[in-house]
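Any read-out appearing in this document is the output of simple, stated calculations on the displayed coordinates, not a laboratory observation. Only a predicted model underlies this, so the values are computations on that prediction, with no experimental measurement involved. When we count neighbours, we look across all protein chains shown, and the Cβ atoms used for this are built from the backbone with ideal geometry, even at glycine.
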């Protein structure tokens, strides 16, 4: 399921994204994954704030497997905790 964009204030709309809160033994990471080719990505202050790391915040679209419907969207995104 891909989330939709949503308004957060007058004239401000967040692009589709998914929040992740990952906890390891030593680290905790709260982050967001964005979807490729979304026009709102470049207008989003959180996305723009990533600077040169923006590409790492965008998931990779993979082709659907034969078990899924042909119009299914599979997105892969690697998350690595620095100290586990």
At R0 = 22 Å the Cβ-Cβ FRET efficiency linking residue 71 and residue 18, nearest 0.05, sits at 0.70
Label 7 Å along Cα→Cβ of residue 26; the range 48-84 residues with amide nitrogen under 15 Å?
80-84
Scaled by the rule-of-thumb 2.2 N^0.38 Å, the alpha carbon Rg for the chain gives a ratio of 1.23
